[in-house]
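Student: Just passing along the structure, written as structure tokens.
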Amino acid sequence: MEYLILTLLLFLGLLIYFKIADHYNIIDKPNERSSHTTITLRGGGVVYWLAAVLFLVFNHHSTDWLFFAGISLIALVGFYDDVKGVTPPVRLVIHLAAMTFVFIMNDVFGLFPWWAIVIGYILFVGIINAWNFMDGINGITGLYSLAVLAGLQYVNLKQIPFVNPALIWYPMVASAVFLFFNFRKKARCFAGDVGSVTIAFWVVTLMLFLMIKSQNLIWIGFMLVYGVDTVMTIFHRIFLRQNIFEAHRIHFYQILANGRKIPHRMVAVLYFVIQLLVSCCLIFLYPTMGWWIFTIPAALLTASYLLKFMFM
């Protein structure tokens, strides 16, 4: 019953937001770097913040306030970026502050040396921004987030209990609701920065819980497809002497969708399926193969990425 109520409330919340976004003209206008051609409502990813609010209402614990403070902070700057625009330094400071709340939840400052904490900030803030970079075609953010969350939930329920299962079910339901409006040939709404950074923050929070509980970093493989595309694209842009902080259209998924004219939803499903396969390898071969279950898929994905240059 809880999840039925959650679903209905999230649908209602999004429909109300559509009215607000339409009234205040919160829209995404196509430009030469866009993967879409029509004006579309922006900020539909606010559903993830709404899910966090409802999680706090239905499953409140003492440390949940830290999670909610962090996700609210990052959602606020994401939404403001959608409406007015935020400079990269301001965005970075807010992301670091939001991650600090999660680090406090996990007693990171008492468990790890300073250099490991610095690496943690770089890694997790990098993942949040990668999620934002990869949000460019219909369905990809919602589907990919479901793939990652499904892997985390399986491990949580069957192998290593590391968090209240509701903390994973809620963003999964939010992803399904968002996909109802976004996974279409002509999307009703886009996630916007508020959506991509908020779900990314939720995912890295869960990932940190799992890594600390299992004392193993191998679970970063649950984000391997996005990770390879993002890192390799950064290397490619550096080689081209481009500003890596400016918008572009040379991610592999953008080449497939825009260059090869493969339907957006098909490309999104491709990323979803590949990540599920990688996650299954991690889940069912852990811990027998050690880091090989990360290294081999990473090498195969990197080699596959190089096919991009044949399509450009």
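Student: Using every pair of alpha-carbon atoms in segment 58-105, split the distances into 5 Å bins beginning at 0 and state the percent of pairs per bin, rounded to integers.
Tutor: In whole percents, the pair-distance histogram is 5, 23, 26, 19, 14, 8, 5, 0.
Student: Under unit Cβ charges (Lys, Arg +1; Asp, Glu -1), what dipole magnitude, rounded to 20 debye, does segment 1-130 have relative to its Cα centre?
Tutor: That gives segment 1-130 a dipole magnitude of about 280 debye.
Student: Counting heavy atoms of the protein chains only and a 1.4 Å probe, report the per residue accessible area for the chain as a whole number of Å².
Tutor: 47
Student: For Cα pairs less than 8 Å apart in space and 6+ apart in sequence, what is the mean separation divided by the residue count of segment 123-242, i.e. the relative contact order in percent?
Tutor: 36
Student: Any idea which of N182, F245, A200 is furthest toward the positive side of the dipole for segment 165-253, if Lys and Arg beta-carbons carry +1 and Asp and Glu beta-carbons -1?
Tutor: N182
Student: For the chain, what is the charge dipole size about the Cα centre, in debye to the nearest 20, if Lys and Arg each add +1 at the Cβ and Asp and Glu each add -1 at the Cβ?
Tutor: On the way: 19 positive and 12 negative charges, 186 e Å.
Result for the chain is approximately 900 debye, rounded to the nearest 20.
Student: Taking only C-alpha pairs under 8 Å that are 6+ residues apart, what is the relative contact order of segment 195-312 in percent?
Tutor: Result for segment 195-312 is 33 percent.
Student: Among I212, L306, N129, whose Cα sits farthest toward the positive end of the charge dipole of the chain (+1 at Cβ of Lys/Arg, -1 at Cβ of Asp/Glu, about the Cα centre)?
Tutor: Value: L306.
Student: Shifting gears a bit: Work out, in µm²/s and without decimals, the Stokes-Einstein translational diffusion coefficient of segment 238-312 at 10 °C, 1.306 mPa s, Rh from Kirkwood over C-alpha pairs.
Tutor: It diffuses with D of about 111 µm²/s by this estimate.
Student: Would you work out which of I71, L152, P89 lies farthest towards the positive end of the dipole of segment 53-207, given +1 charges on the beta-carbon of Lys and Arg and -1 on that of Asp and Glu, about the Cα centre?
Tutor: In segment 53-207, that residue is L152.
Student: At a threshold of 8 angstrom on Cα-Cα distance, excluding pairs fewer than six apart, so keeping six or more, what relative contact order does segment 100-191 reach in percent?
Tutor: 26
Student: How much of the calculated P(r) for segment 115-171 lies past 17 Å, in percent of all Cα pairs?
Tutor: Beyond 17 Å sits 54 percent of the P(r) for segment 115-171.
Student: Would you kindly give the portion of the calculated P(r) for segment 146-202 that falls above 18 Å, as a percent of all Cα pairs?
Tutor: Numbers: 630 of 1596 pairs.
When all Cα pairs of segment 146-202 are counted, 39 percent exceed 18 Å.
Student: Could I ask something else about it? For segment 154-205 and segment 58-111, what is the centre-to-centre distance using only Cα atoms, to the nearest Å?
Tutor: 17
Student: In addition: Do the sum for the chain: with -39,500 (n - 2.57) for every DSSP H run of n ≥ 4, divided by all residues, what is the mean residue ellipticity at 222 nm, to the nearest 500 deg cm²/dmol?
Tutor: Values: 13 runs with 208 residues, N = 312.
Only helices count here, giving -22000 deg cm²/dmol.
Student: Taking every Cα atom in the chain, find the radius of gyration and the maximum pairwise distance Dmax, and write them in Å.
Tutor: Rg then Dmax for the chain, in Å: 18.6, 56.
Student: Based only on Cα atoms, what mean projected area does the convex hull of segment 232-272 have, in nm²?
Tutor: Over all viewing directions, segment 232-272 projects a mean Cα-hull area of 3.2 nm².
Student: So how far apart, in nm, are the two label points at D22 and I262 if each is 7 Å from Cα heading toward Cβ?
Tutor: Using points 7 Å along Cα→Cβ, the separation is 3.5 nm.
Student: I would also like to ask the following. Rounded to the nearest 0.05, what FRET efficiency is calculated for A166 and I117 with R0 set to 41 Å and r the Cβ-Cβ distance?
Tutor: Result of the calculation: an efficiency of 0.90.
Student: Take segment 169-312, compute every pairwise Cα distance, and split them into 10 Å bins from 0; I just need the percent in each bin.
Tutor: 10, 33, 38, 18, 1
Student: Just to check, using Stokes-Einstein with a Kirkwood Rh over alpha carbon pairs, what's the diffusion coefficient of segment 73-207 at 37 °C and 0.692 mPa s in µm²/s?
Tutor: Taking Rh from Cα pairs, D becomes 209 µm²/s.
Student: Label points 7 Å out from Cα along the Cβ direction at K186 and I104: separation in nm?
Tutor: If labels sit at K186 and I104, their model points lie 4.7 nm apart.
The values are calculated or read from the model by the stated rules, or taken from the named source; none is laboratory data. This is a predicted model, so every value here is computed, not measured. In this analysis, Cβ positions are derived from the backbone assuming ideal geometry, glycine residues included, and neighbour counts consider all displayed protein chains. Side chains are part of the model used for accessible areas, which takes the heavy atoms of the whole protein and leaves out ligands, DNA and RNA. Shrake-Rupley method; radii C 1.70, N 1.55, O 1.52, S 1.80 Å.
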